[in-house]
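K.L.:
Encoded as structure tokens, here's the structure I'll be asking about.
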Amino acid sequence: MPQGAPRADKKLDSEVVTELSRKAISKGLNVRLKADGISMFPYIWPREMVTFRPMGKDEEPRDGSMLVIDRGPGFEFLLHRKTGRQGDKLITRGDSVEHDDTPWRRDQVLGVVTHVEGRFTRKRRRVPDRGGMYWMALRAAAPLSYKVNGIVARCAILVMRALRCLTGRR
């Protein structure tokens with residue numbers, strides 16, 4: 001490796017990545033980041049790669065669309081599904097979370113998720129713009145799925161951590 005070249009295993013500070021992503025989105029570019037957390041499990045697993053595009057100024061996301069929310073300086077982005085509106089604010093919720101988030105202003109929405117790259121299969125899957133009947137069915141099954149998803153997600157995290165410890169990988 002040439003002297004001064006960046007190392008592939010070197011992690012960037014999350015604040016730097018967040019700021020670079022904000023700038024890229026403001027210029028109309030798509031952004032690809034690693035998802036962290038379990039709130040969108042099982043659709044998005046921890047450490048899967050997520051691609052999102054900027055949302056147009058007059059664009060209204062459909063219920064069921066996955067949005068990337070900018071929570072402000074010092075915070076990482078939040079990736080949750082739009083569940084509705086409250087006046088001029090958008091309401092979101094994670095797939096494995098029982099309650100809605102605090103309503104977000106439209107200017108806090110950075111973009112809409114377009115693709116998710118599987119961590120284990122490395123397959124890139126397109127995220128459909130889900131609305132209508134699909135979203136109504138998902139919401140009807142939600143009370144049971146929140147509990148099941150939460151338990152399964154926590155078990156999956158523990159298994160992944162144990163495997164990383166056993167294999168010596170981070």
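The values are calculated or read from the model by the stated rules, or taken from the named source; none is laboratory data. Computed from a prediction, not measured in an experiment: that's the story for all the values here. Cβ sites come from the backbone with ideal geometry, for glycine too, and all protein chains shown count toward neighbours. In case anyone asks, the SASA skips ligands and DNA or RNA and just uses the protein heavy atoms, side chains included. Shrake-Rupley method; radii C 1.70, N 1.55, O 1.52, S 1.80 Å.
K.L.:
Considering every residue within region 73-86, establish whether at least one is at pLDDT 90 or above, aliphatic (A, V, I, L, M) and either under 16 Å from MET40 (Cβ atoms) or in contact with a helix residue (DSSP H, G or I) (Cβ under 9 Å, 6 or more places away or on another chain) (or both).
P.N.:
Yes, some residue in region 73-86 is at pLDDT 90 or above, aliphatic (A, V, I, L, M) and either under 16 Å from MET40 (Cβ atoms) or in contact with a helix residue (DSSP H, G or I) (Cβ under 9 Å, 6 or more places away or on another chain) (or both).
K.L.:
Suppose we filter region 79-88 for residues that are at negative phi and open to solvent by 30 Å² or more (accessible area, probe 1.4 Å); how many remain?
P.N.:
Counting residues in region 79-88 that are at negative phi and open to solvent by 30 Å² or more (accessible area, probe 1.4 Å) gives 4.
K.L.:
With respect to GLY74, is the statement that it is in a loop (DSSP other than H, G, I, E, B), in contact with a Leu (Cβ under 8 Å, 6 or more places away or on another chain), of a type outside the set (Ser, Thr, Tyr) and in contact (Cβ under 8 Å) with a residue 24 or more places away in the chain true?
P.N.:
Numbers: in a loop (DSSP other than H, G, I, E, B): yes; in contact with a Leu (Cβ under 8 Å, 6 or more places away or on another chain): no; of a type outside the set (Ser, Thr, Tyr): yes; in contact (Cβ under 8 Å) with a residue 24 or more places away in the chain: yes.
Spelling it out, it is not the case that GLY74 is in a loop (DSSP other than H, G, I, E, B), in contact with a Leu (Cβ under 8 Å, 6 or more places away or on another chain), of a type outside the set (Ser, Thr, Tyr) and in contact (Cβ under 8 Å) with a residue 24 or more places away in the chain.
K.L.:
Looking only at residues in region 46-78 that are under 14 Å from VAL127 (Cβ atoms) and hydrophobic (A, V, I, L, M, F, W, C), which one is surrounded by the fewest Cβ atoms within 10 Å (Cβ to Cβ)? Show your work before the answer.
P.N.:
Quick first cut of region 46-78, residues under 14 Å from VAL127 (Cβ atoms) only: 48-53, 55, 61-62, 64-68.
If we keep only those that are hydrophobic (A, V, I, L, M, F, W, C) as well, we get 49-50, 52, 55, 66-68.
On the way: MET49: 16, VAL50: 21, PHE52: 24, MET55: 18, MET66: 25, LEU67: 22, VAL68: 23.
Result: MET49.
K.L.:
Can you confirm whether region 146-166 contains a residue that is under 18 Å from SER39 (Cα atoms) and modelled with pLDDT of 85 or more? Explain how you work it out, then say what you get.
P.N.:
At the first step, the residues of region 146-166 found to be under 18 Å from SER39 (Cα atoms) are 146-161.
Retained after the next criterion (residues that are modelled with pLDDT of 85 or more): none.
No, every residue in region 146-166 fails to be under 18 Å from SER39 (Cα atoms) and modelled with pLDDT of 85 or more.
K.L.:
Further question: Of everything in region 5-35, what is in a loop (DSSP other than H, G, I, E, B), surrounded by fewer than 16 Cβ atoms within 10 Å (Cβ to Cβ) and modelled with pLDDT of 85 or more? Give them in sequence order. Walk me through how you get there before you give the answer.
P.N.:
We begin by selecting, within region 5-35, every residue in a loop (DSSP other than H, G, I, E, B); these are 5-13, 27-30, 35.
After this cut, where a residue has to be surrounded by fewer than 16 Cβ atoms within 10 Å (Cβ to Cβ) as well, the list is 5-13, 27-30.
LYS27, GLY28, LEU29, ASN30, listed by residue number.
K.L.:
Scanning region 100-112 for residues that are farther than 16 Å from PRO54 by Cα and surrounded by fewer than 15 Cβ atoms within 10 Å (Cβ to Cβ), which turns out modelled with the lowest pLDDT? Even if it seems obvious, please write down each step before you answer.
P.N.:
Of the residues in region 100-112, the ones farther than 16 Å from PRO54 by Cα are 100-104.
Of the ones still in play, those that are also surrounded by fewer than 15 Cβ atoms within 10 Å (Cβ to Cβ) are 100, 102.
Values: ASP100: 89, THR102: 92.
Among them, the one singled out is ASP100.
K.L.:
Which of the residues spanning region 89-99 are surrounded by fewer than 16 Cβ atoms within 10 Å (Cβ to Cβ) and at pLDDT below 90?
P.N.:
To start, the set of residues in region 89-99 that are surrounded by fewer than 16 Cβ atoms within 10 Å (Cβ to Cβ) comprises 89, 98-99.
Residues satisfying the conditions are GLU98, HIS99.
K.L.:
Has region 90-102 got at least one residue that is under 12 Å from the mean Cα position of the chain (by Cα), assigned to a loop (DSSP other than H, G, I, E, B), more than 17 Å from VAL31 (Cβ to Cβ) and not polar (S, T, N, Q)?
P.N.:
Taking every residue of region 90-102 in turn, at least one turns out to be under 12 Å from the mean Cα position of the chain (by Cα), assigned to a loop (DSSP other than H, G, I, E, B), more than 17 Å from VAL31 (Cβ to Cβ) and not polar (S, T, N, Q).
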